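Asks: Handing you this structure, nothing more for now.
The values are calculated or read from the model by the stated rules, or taken from the named source; none is laboratory data. Owing to the predicted nature of the structure, the values given are computational and were not obtained by experimental measurement. In this analysis, Cβ positions are derived from the backbone assuming ideal geometry, glycine residues included, and neighbour counts consider all displayed protein chains.
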Amino acid sequence: MNIRESGVADETEGTDIPAMESIACKAPLSALRRPAWDKKVLENLGMEVSADTEIWKRVWTREERINNASTPMFLVRGVKPRADA
(Lines give C-alpha, C1' and ligand atoms only; values in the text may rest on other atoms or scores of the structure.)
Protein backbone atom coordinates (compact mmCIF):
# COMPACT_ATOMS: atom_id res chain seq x y z
CA MET A 1 0.00 0.00 0.00
CA ASN A 2 1.26 3.45 -0.91
CA ILE A 3 1.87 5.67 2.13
CA ARG A 4 0.29 8.71 0.52
CA GLU A 5 -2.83 6.74 -0.49
CA SER A 6 -3.16 5.18 2.98
CA GLY A 7 -3.62 8.48 4.79
CA VAL A 8 -0.93 7.78 7.40
CA ALA A 9 2.00 10.05 8.23
CA ASP A 10 5.15 9.33 6.23
CA GLU A 11 7.85 8.54 8.81
CA THR A 12 10.58 9.14 6.22
CA GLU A 13 9.44 12.60 5.18
CA GLY A 14 12.44 14.93 5.09
CA THR A 15 14.88 12.02 5.15
CA ASP A 16 17.66 11.69 2.59
CA ILE A 17 16.52 8.32 1.19
CA PRO A 18 19.38 7.93 -1.31
CA ALA A 19 21.90 8.47 1.51
CA MET A 20 20.10 5.87 3.66
CA GLU A 21 20.10 3.37 0.78
CA SER A 22 23.81 3.98 0.20
CA ILE A 23 24.58 3.27 3.85
CA ALA A 24 22.39 0.15 3.85
CA CYS A 25 24.19 -1.23 0.79
CA LYS A 26 27.50 -0.96 2.65
CA ALA A 27 26.28 -2.57 5.88
CA PRO A 28 27.55 -6.18 6.13
CA LEU A 29 24.24 -7.68 7.28
CA SER A 30 22.27 -6.10 4.43
CA ALA A 31 23.39 -8.79 1.98
CA LEU A 32 22.43 -11.66 4.30
CA ARG A 33 19.18 -13.62 4.47
CA ARG A 34 17.76 -12.89 7.87
CA PRO A 35 16.68 -14.30 10.24
CA ALA A 36 18.15 -17.51 8.72
CA TRP A 37 21.66 -16.12 9.19
CA ASP A 38 20.98 -15.23 12.85
CA LYS A 39 19.58 -18.70 13.55
CA LYS A 40 22.58 -20.44 11.98
CA VAL A 41 25.09 -18.35 13.96
CA LEU A 42 23.31 -18.99 17.27
CA GLU A 43 22.89 -22.71 16.53
CA ASN A 44 26.62 -22.92 15.75
CA LEU A 45 27.21 -21.47 19.22
CA GLY A 46 25.22 -24.36 20.68
CA MET A 47 22.01 -22.51 21.40
CA GLU A 48 18.43 -23.61 20.96
CA VAL A 49 17.00 -21.10 18.50
CA SER A 50 13.58 -20.04 17.33
CA ALA A 51 12.48 -17.20 15.07
CA ASP A 52 9.19 -15.39 14.62
CA THR A 53 9.00 -13.68 11.24
CA GLU A 54 5.44 -12.51 11.90
CA ILE A 55 6.08 -10.57 15.13
CA TRP A 56 5.67 -7.27 13.30
CA LYS A 57 2.01 -8.11 12.68
CA ARG A 58 1.37 -8.22 16.42
CA VAL A 59 3.45 -5.31 17.68
CA TRP A 60 3.29 -2.65 14.97
CA THR A 61 0.46 -0.20 14.50
CA ARG A 62 -1.23 0.11 11.10
CA GLU A 63 0.91 3.20 10.43
CA GLU A 64 4.13 1.35 11.28
CA ARG A 65 3.11 -1.60 9.09
CA ILE A 66 2.59 0.72 6.12
CA ASN A 67 5.77 2.75 6.70
CA ASN A 68 7.98 -0.31 7.27
CA ALA A 69 6.44 -2.74 4.78
CA SER A 70 9.71 -3.24 2.91
CA THR A 71 11.64 -4.14 6.08
CA PRO A 72 9.44 -6.25 8.34
CA MET A 73 10.64 -6.85 11.88
CA PHE A 74 11.50 -10.34 13.10
CA LEU A 75 12.28 -11.82 16.49
CA VAL A 76 15.08 -14.30 17.17
CA ARG A 77 15.36 -16.15 20.46
CA GLY A 78 18.50 -18.02 21.48
CA VAL A 79 18.68 -20.06 24.67
CA LYS A 80 21.96 -21.36 25.97
CA PRO A 81 21.60 -24.88 27.39
CA ARG A 82 22.20 -25.20 31.12
CA ALA A 83 25.68 -26.45 31.97
CA ASP A 84 24.26 -28.99 34.44
CA ALA A 85 21.73 -30.42 32.00
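Asks: If you check every pair at least six apart or on different chains, which have Cβ atoms under 8 Å apart with a residue in region 17-31 that is among the aliphatic types (A, V, I, L, M) first and a residue that is assigned to a helix (DSSP H, G or I) and modelled with pLDDT under 90 second?
Replies: Pairs that qualify, where the first residue is among the aliphatic types (A, V, I, L, M) and the partner is assigned to a helix (DSSP H, G or I) and modelled with pLDDT under 90, are Ala24/Ser30.
Residues are listed down the side, and each one gets a yes or a no for (1) in contact with a Cys (Cβ under 6 Å, 6 or more places away or on another chain); (2) surrounded by 11 or more Cβ atoms within 10 Å (Cβ to Cβ); (3) among the polar types (S, T, N, Q):
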| residue | (1), (2), (3) |
| --- | --- |
| Ser6 | no, yes, yes |
| Ile17 | no, no, no |
| Val41 | no, yes, no |
| Asn68 | no, yes, yes |
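Asks: Working only within region 48-70, note down all residues that are out of contact with any Phe, Trp or Tyr (no Cβ under 9 Å at 6 or more places or on another chain) and within 13 Å of Arg34 (Cα to Cα).
Replies: Selection gives Ser50 alone.
Asks: Taking region 44-66 as the region of interest, how many residues are of a type in the set (Ser, Thr, Tyr), surrounded by 11 or more Cβ atoms within 10 Å (Cβ to Cβ) and in a loop (DSSP other than H, G, I, E, B)? Steps first, please.
Replies: We begin by selecting, within region 44-66, every residue of a type in the set (Ser, Thr, Tyr); these are 50, 53, 61.
Adding the requirement that they be surrounded by 11 or more Cβ atoms within 10 Å (Cβ to Cβ) leaves 50, 53.
Keeping just the survivors that are in a loop (DSSP other than H, G, I, E, B) gives 53.
Total meeting the criteria: 1.
Asks: Assess whether Ala51 counts as being of a type in the set (A, V, I, L, M) and out of contact with any strand residue (DSSP E or B) (no Cβ under 8 Å at 6 or more places or on another chain).
Replies: Values: of a type in the set (A, V, I, L, M): yes; out of contact with any strand residue (DSSP E or B) (no Cβ under 8 Å at 6 or more places or on another chain): no.
No; evaluated as a whole, the condition is false for this residue.
Asks: Can you tell me which residue within region 1-30, out of those that are part of a helix (DSSP H, G or I) and among the polar types (S, T, N, Q), is modelled with the highest pLDDT? Even if it seems obvious, please write down each step before you answer.
Replies: Step one: of region 1-30, the residues part of a helix (DSSP H, G or I) are 3-6, 17-26, 28-30.
The next check asks that each one be among the polar types (S, T, N, Q); those that pass are 6, 22, 30.
Numbers: Ser6: 81, Ser22: 92, Ser30: 88.
Once the filter is applied, the top-ranked residue is Ser22.
Asks: Please specify each residue of region 57-85 satisfying the condition of being of a type in the set (A, V, I, L, M, F, W, C) and within 23 Å of Pro28 (Cα to Cα).
Replies: Our first condition is that a residue be of a type in the set (A, V, I, L, M, F, W, C); within region 57-85, this holds for 59-60, 66, 69, 73-76, 79, 83, 85.
Residues satisfying the conditions are Ala69, Met73, Phe74, Leu75, Val76.
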